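The next block holds one structure in the form of structure tokens; read it before the comments.
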Amino acid sequence: MLNKETLDDLATLNSNGCCFLKEIVRRKRPKLALTDCNKECKDQCKIRNALLTDRSLEISERLVRQIGCIEIFRRRLESEAGKKDVDFKYASYVWVEGRYAFSFSKIYQDGIKCAELYEKTINRLQKT
């Protein structure tokens, strides 16, 4: 089960708070009414509350942290390409095909924030 600290870390990665996790929640609980939120909504966010309280979602901290790393990676791809429309699905594909996911699996430890995990993943990949 996810904890509050993990979701607080994720909220710092995206201008819409934790909303980039909306699709994961929607796929597991299609009837849950989800609306976009922002950093200010914190405890009132339906996505956040669902992730913290709904055991049927069964989303691991490791998965969520990797999703956070992919979000950082997606923004880097946007910056390098000079455009604002790199979607998460494409970034996920590049993350896996570029062996970033493998590198992440080797360095992952519970409790490390996404930004630090991302840097460690990139550094490990550059060393190999």
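The values are calculated or read from the model by the stated rules, or taken from the named source; none is laboratory data. Note that the coordinates shown come from a computational prediction; the quantities given were computed from them, not determined experimentally. So basically every Cβ, Gly included, is an ideal-geometry build from the backbone, and we count neighbours across all protein chains shown.
Here are some notes:
- For Ile107, the test of being closer than 30 Å to Thr128 by Cβ and at pLDDT 85 or above is passed.
- Subset of segment 73-107 [surrounded by fewer than 19 Cβ atoms within 10 Å (Cβ to Cβ) and either touching a residue at least 40 places away in the same chain (Cβ under 8 Å) or at positive phi (or both)]: Gly82, Phe88, Arg99
- Across segment 66-81, the number of residues qualifying as modelled with pLDDT under 90 and either of a type in the set (Phe, Trp, Tyr) or in contact with a Cys (Cβ under 6 Å, 6 or more places away or on another chain) (or both) comes to 1.
- Of all positions in segment 27-36, at least one carries a residue that is modelled with pLDDT under 75 and either among the hydroxyl-bearing types (Ser, Thr, Tyr) or in the same structural domain as Gln109 (by TED's automatic domain parsing) (or both).
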